[in-house]
1. Quick one: which of B:R134, B:R138 is at the interface with chain A (Cβ under 9 Å from one of its Cβ atoms), basic (K, R) and more than 24 Å from B:Y48 (Cβ to Cβ)?
2. Evaluate the following for B:K47: is it assigned to a helix (DSSP H, G or I), modelled with pLDDT of 85 or more, of a type in the set (K, R) and touching a Gly at 6+ places or on another chain (Cβ under 9 Å)?
3. Which numbered condition in (1) of a type outside the set (A, V, I, L, M, F, W, C); (2) assigned to a helix (DSSP H, G or I); (3) within 12 Å of chain A (Cβ to nearest Cβ); (4) touching a residue at least 24 places away in the same chain (Cβ under 8 Å) is the only one that B:E501 fails?
4. Those residues that are within 24 Å of the chain's Cα centre (by Cα) and surrounded by fewer than 17 Cβ atoms within 10 Å (Cβ to Cβ), I need them from segment B:165-201; list them, please.
5. Filter segment A:231-246 down to the residues that are among the acidic types (D, E) and more than 7 Å from chain B (Cβ to nearest Cβ), then identify the one that is farthest from A:R211 (Cα to Cα).
6. Can you name the condition, by its number, that B:P38 falls short on among (1) within 14 Å of another protein chain (Cβ to nearest Cβ); (2) on the phi < 0 side of the Ramachandran plot?
7. If I filter segment B:177-187 for residues that are among the charged types (D, E, K, R) and not in a helix (DSSP H, G or I), do I get at least one hit?
8. Of (1) over 34 Å from the mean Cα position of the chain (by Cα); (2) at the interface with chain A (Cβ under 9 Å from one of its Cβ atoms), B:S493 satisfies all except one. Which?
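The values are calculated or read from the model by the stated rules, or taken from the named source; none is laboratory data. It should be emphasised that the depicted structure is a prediction, and the values quoted were computed from it without experimental measurement. In this analysis, Cβ positions are derived from the backbone assuming ideal geometry, glycine residues included, and neighbour counts consider all displayed protein chains.
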Amino acid sequence: MNHSMNSAVARRAFLASSSALITLPFLESLRPGSTASAAIKTATAAPKRMVFLGMGFGVTADRWYPDVNTVGEDYQIPDILKPLNRHKKDLTFIQNLMHQYSADGHSGSTFWLTGANRYGVPGQSFHNTVSVDQVAAEVLGEQTRFTSIQLAASGEAGASGDGHGPGLSLAWNRSGKPVAALNTPVAAFHRLFSNDKTPLAERQARLQEQRSVLDTVLADAKSVNRKLNKTDNQKLDEYFESVREIEVRLAKEEKWLSVEKKLPADPVNEPGESLEGYEEIRVMYDLMVAAMQVDATRVFTYRMPVNSLIASLGATMTAHSMSHYSEGERRDVSQSRDTAHAKLLAEFIDKLKASKEPDGSSLFDNCSITLGTNLSSVHSLTNCPTLVTGGGAGIKHGRHLVMSDKKTPLCNLWLSLLQGSGIAADSFGDSTEVIRELFSV
Amino acid sequence: MVRCRIFQYVVVLVVTASASVAFGESSSDGDKPRAVMPEKHGAVFRKYCLDCHDSETQEGKVDLETISFEIGKDIPTAERWAKILNAINSGEMPPKDAEPISDVDKTGFLKDLSIQMVVARKILSDAGGVITMRRLNRREYANTIEALLGGIPDVSNLPDDQATSGFDTTGASLFFSSDQLEQYLATARASLELAVLPRQPPASRTVRIEPEDEYTPHYAKAAEAMRDTGKRARAFLAQKEKPAAAFGLLDEYQAKKQQVQEWLPLMDDYLARPETKTGATLIMTIKQGGYTRIKLPVLHEQAEGQYTIRVRAAAYPDAEERLHYLEFTSGYGTGRERLGWRKVSAPLNDPEIVEFKYEHRPGQKLQLMIHQRSHQDRGDKNLATIDMKENGIGTPPGIWVDWAEITGPEPVNRHAPAVEELRHVLAENDLASRDDNEFAREVLQRFATRAFRNEKPDSAFLDRLVLRYAANRTKGQSRTEALLGPLSIVLASPSFLYMVESTGNESSPSLTDRELAVRLSYFLWSAPPDEDLLSLANSGKLSDPAVLKSQTSRLLGDQRVDRFVRGFVHQWLEMERLGMFQFDGVQFRTFDNAARESAREEVFETVHTLLDEKLPLRSLLKADFVVVNDLLAGYYGIPGVDGHEFRQVKVPDGSLRGGLLGSAAVLAMGSDGQRSSLVERGAWVLRHLLNDPPPPAPPNVPMLSRLAGQVLSARELGKAHQEEPQCAQCHQKIDPIGFGLENFDASGQWRDLELIGTGRRKFGVWQTTKTFEIDSSGQLPGGQKFKNYFELRDAISRHEDSFSRGFTESLIAYGLGRPFGFTDQDLADEIMRSAKQSDYEISQFIHALIQSKLFQTK
């Protein structure tokens, strides 16, 4: 706990300075094999990771949730999620979580990790706040090359066609602005694992050049700034903020410039350009496992495809058609999508369990994974489907929790995951308390 | 009158706002609109709620005794009421062991509350007339790059900007992310390289494809294989001694399945046609690659330009009408883009040549294909199977193709002054004698001034650009190369990406002429002002009302106005819904991709016609004409329309079509791809034609469990909506309008009976169906009754004022770049008055908005 508090403070101080003055990083401090870090390594437990998987449109509600009358360990995993049976003792279904402010029946992702009130700010018709992954990344992402990694499928129908709603990924920054994502497995692969073959000096020069580009656009931004009134300057702040974000990223890149990107022990191949749907999700999961193995980042969000997923399962309807299921074909497709997610997640868990950390634990033991969406089914925003797995947040798994308050804030779960992962947060969004049941039997 | 219904019976709206008050500087509380829950509903609280939720008990920390009835007072109050609305809607309150609220009380309470909630949200999110600085949205950015550099950039990596709410011109909703900045830099660089660096597209040539070279042997081989498999299967089944493997078969099951080759007759039929010796008949196969496709040679990244495709073809008269069209597409699978359709009508003994043009963009590699019209799903394969079961062969083909040829590329020259100037200075002979940095400074300043829409760049900015140039030069780059970096930076800087309207210290100053030119051209062209507009602005003449008017007319007459029509109309009428559902190809045989996409075009083309022909806006409610092309005329069964261009076609009295209500696009949007939807259609009419929008569908309303598993007609569903007060409060207004459109199926075709498929489907055909008589009588919210669709259309067409008002409000929101607010009531009144003088001619609304003070004020 103490450690993360300190690092949060350090980061804030660093951000406040916003200049290029940066303390030298631990570079390899957490990396096995580095002599300088041997002492630290033995003293440090394996790092915590967090993964958030957003499904967009809701699930087949009457078949997806376990029976509410069977709580605790005495419950059955629903038939359509059978592939998860082999991990039953390692996962937790939670019912009756929701965001009190959600009102849009087509946005499964926009507020899922934030819990914000779209109308929360006077004079604005759209408002969002920071997402839980970005709060986690401020601490967990400090010592990794990438502070966080956002993945988001880019289907032809776009995010709204997949029931995700506005946004570029599941992630929203401290100002409640959308955070961009890597949209294809091949893009994610290159970001995570491709090493730039150009000589170091040249790469340093390129960074320097990128900085001068930013300085140049800032010169124009400042001249615009002088012409504007207050409201417009607030708008222009987004531009300044983007420049600052790039500066921070460049500063981090510079720290890591001389460190080669590590490749996982089991090499991952460059994914094909045209992966879509089921295979796309599987490969993204593989890339996340590999990224955790080399500790490239510790925080992941993935806004998953829906249209291309069901197309790859043989469906010929749109995801939106599916979401308005009734008996027959649409329900069949909806269920097959639920089963596909269960199967993919089960495989993801298999791989995380099989992947060992230096201290003998597995990646699975040290990460928390949440699968869900803000929409339960059709246009319903109550009882958001929520499945948590992984040992990273210290949850006592193997149980089905039905919260007695049907309006338990979903942000209570986000707060629980933050604290469980060692992040000193007192509250998150509209959270009221930690969900104690998660941590005790 | 339905005009502004919401405001009439619930909002206390004091219309005294003068222009200055409209900007919210000094308005007292008395001038502001309010959202108030009528006091009478206090009785509902007292009767049903206060036992637990009075100030003393406050169960669940809810105190209904002291709650303010002014819902829009502040956000916490609005949230408290939103929770009350949700608790009653979802059936959570009152709890099961308490006395239920009587239906009458509940309906009245929910109706007022849900409408007040909408008003409260509007009040609380109202920006008070402030126009927030706009970033160029994705459409505008692409058009701006094109206007400057002459090439259309690939913007697929930029956010589409249509997501958060309202129009994509709303400044406050146009966000900026760090990723975007890098994307802008990369896009600018790519576009500049294409524009400035020398390119040598290949010389134009013609390649002819003789499709019989591929298909005759392909289908002959398939026929041979089928014949052989069938023979072996029958031979195996005729004996008992040898195993299936001896006959090259898997097992007996396979043998039984293969003994009759059900698709062999299709192959035989194909090969027996003498015309397939010299061409290809377009058929649908299941396992021989689907459609017969004419594949044109791959177009490479460097081979940009205009291509002309010519196809020599003939039609089979007996085929279904839709199969008499060639579909031109590019790409594969879900990435396939449909480029257009051309009708073939010549007989086999006298084929014709049809022509199709295509502009290939640099940096893309793709293959064009020509085939029959397609459905979104497996529809065509299912139809082929159904037809085969019936006629023993398959779907009768519609077209024979002798050959197809493609000629190109021919250069496409767009007027792009910035690039012409760049090329010119870079080619100057005396370049060597000039000071390098001075040269760069001059070039960059001129380019930036153009890019910033006639605003000179700041000198500190220019200094830095020149530094970048000099740094590139020291790296040994040529002048041209060294300029590319700084030029890209210009196109990623705020002065380019934002529509900067400078205000200094004034709170609402008039726009400068230059700023007015920018606002005007982005409004009507979604693109920067052209030279004429800028030079009028330069000389200070643009703000002269007469000059402004003639310029508005000029912009409206320019083909670039198409971007306004598409951008505005698509969002105004919420047409994205047309792509949200898949239409089943078997159930809606004629509503294929071609029909759906042409139906969307019809709406845009109709608005174009209104603009060009100076027709009144009410033509969208009812008209004695439609704007269609051959394909859509075929879909509507309107005879005598030849050619793929859309044009105005008279329809007889009593025609189903004419006006948005009878258009395939609107009717199809009012469905879920299978069934027509009373609710979607009724709500759409209220929102867009009657300007009386119902509150948004509340989430979390429980389904009527009594109805689970039942097959109900639309009429019965409508009746069920009246059972529960939660539903009744809105549906009593929505559904009765939808009844009037029930004679149109999900694809907008007329029907006399409502047919609902249930259970499973085989080859896309419902195995069980139920039919219902259609009763299309209903009424409008104002009480006007109608007996059928025609009377409904007449009744709605009498609401020209409400329709015009809704159009005006949307136009203001789109044109000013912010949601229509309470402070805009006066402006809307003024535009309505002005438009009414010219009988609501559509362009008068636009003129009136542009002439208004608000449009010319920051």
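1. B:R134
2. When the stated conditions are applied, B:K47 does not pass them.
3. All conditions are met except number (2).
4. Of segment B:165-201, the ones within 24 Å of the chain's Cα centre (by Cα) are B:165-176, B:180.
Matches in segment B:165-201: B:S165 only.
5. To start, the set of residues in segment A:231-246 that are among the acidic types (D, E) comprises A:232, A:237-238, A:241, A:245.
Filter again for more than 7 Å from chain B (Cβ to nearest Cβ), leaving A:237, A:241.
Working: A:D237: 19, A:E241: 15 Å.
Step by step, filter segment A:231-246, then rank; the result is A:D237.
6. (1)
7. There is no residue in segment B:177-187 that is among the charged types (D, E, K, R) and not in a helix (DSSP H, G or I).
8. Checking B:S493 against (1) over 34 Å from the mean Cα position of the chain (by Cα); (2) at the interface with chain A (Cβ under 9 Å from one of its Cβ atoms), the one that fails is (1).
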